[in-house]
1. Give me the pairs: first residue in the range 38-59 and aromatic (Phe, Trp, Tyr), second residue in a helix (DSSP H, G or I) and at pLDDT below 85, beta-carbon distance under 9 Å, and six or more apart or on different chains, which are they?
2. Regarding the range 66-79, can at least one residue be identified that is surrounded by fewer than 12 Cβ atoms within 10 Å (Cβ to Cβ), under 28 Å from Ser9 (Cβ atoms) and of a type outside the set (Asp, Glu)?
3. If the requirement is being open to solvent by 50 Å² or more (accessible area, probe 1.4 Å) and touching a Ser or Thr at 6+ places or on another chain (Cβ under 8 Å), which of these qualifies: Ile13, Ile28, Ile43?
4. Which of the numbered conditions does Ile58 fail, given that it passes all the others? Conditions: (1) at pLDDT 80 or above; (2) surrounded by 11 or more Cβ atoms within 10 Å (Cβ to Cβ); (3) of a type in the set (A, V, I, L, M); (4) assigned to a loop (DSSP other than H, G, I, E, B).
5. Filter the range 98-124 down to the residues that are exposed (fewer than 10 other Cβ atoms within 10 Å of the Cβ), of a type outside the set (Asp, Glu) and at pLDDT below 80 and list them by number.
6. Cβ contacts < 7 Å: first residue closer than 22 Å to Tyr35 by Cα, restricted to the range 79-107; second residue open to solvent by 80 Å² or more (accessible area, probe 1.4 Å), any location; separation 6+ or different chain. Result?
Amino acid sequence: MEANPLIRSYPGIGGLAFGLKGRTLVSIFIYLELYLVAVEFLILEGDNLGKLFPDSSIFKGMKLSSKQGFTILAALVVAPTTWLRNLGVLAYVSAGGVLASIILVCSVFWTGAVDGVGFHEKGVLFKWSGLATAVSLYNLLLLWACSIPHFVQFDER
């Protein structure tokens, strides 16, 4: 920043512009945004996995719907990534996601080409009833892409 080169965060900008109250207010809004992004991620993950696997019971012996079970499971999977001291390790998690996507695409093509299922060009090109699910999955990806810089910024402190 031109006014003060020691400022490296949005709360610092708020503090420079409006004093302690501005710094506090900006900090509250940033932390609130991060919290709401995390909550939205868990809701989207639970809803989407619940639609993909509607009759699954994740935790045996507990009376949870598939959405509730997948929401809890997503929280249990994501929580350890928030405890990392160095967010550079998340690059390996990201690489695992890319590898999983490649394996998924290859397995679909393998099933169609080699396993005798084939590509028969039957059915409809677009399934409009699944549009809401596709948009929410896309939203989920965009949601995390905009949140990562905040996590990195808070990790550097």
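1. Hits for this filter: Phe41/Val78; Phe41/Leu140; Phe41/Leu143; Phe41/Trp144; Phe41/Ser147.
2. Start the filter on the range 66-79 by keeping residues that are surrounded by fewer than 12 Cβ atoms within 10 Å (Cβ to Cβ), which leaves 76-77, 79.
Okay, now just the ones that are also under 28 Å from Ser9 (Cβ atoms), so 79.
In the following step, the residues that additionally are of a type outside the set (Asp, Glu) were identified as 79.
Yes, the range 66-79 has at least one match.
3. Details: Ile13 fails: touching a Ser or Thr at 6+ places or on another chain (Cβ under 8 Å); Ile28 fails: touching a Ser or Thr at 6+ places or on another chain (Cβ under 8 Å).
After applying the criteria, what remains is Ile43.
4. Status for Ile58: all satisfied but (1).
5. Gly116, Phe119, His120, Lys122, Gly123, Val124, listed by residue number.
6. Thr81/Val93
The values are calculated or read from the model by the stated rules, or taken from the named source; none is laboratory data. None of these values were measured; they are calculated from a predicted model. In this analysis, Cβ positions are derived from the backbone assuming ideal geometry, glycine residues included, and neighbour counts consider all displayed protein chains. The accessibility values were calculated without ligands, DNA or RNA, using every heavy atom of the protein model including side chains. Shrake-Rupley method; radii C 1.70, N 1.55, O 1.52, S 1.80 Å.
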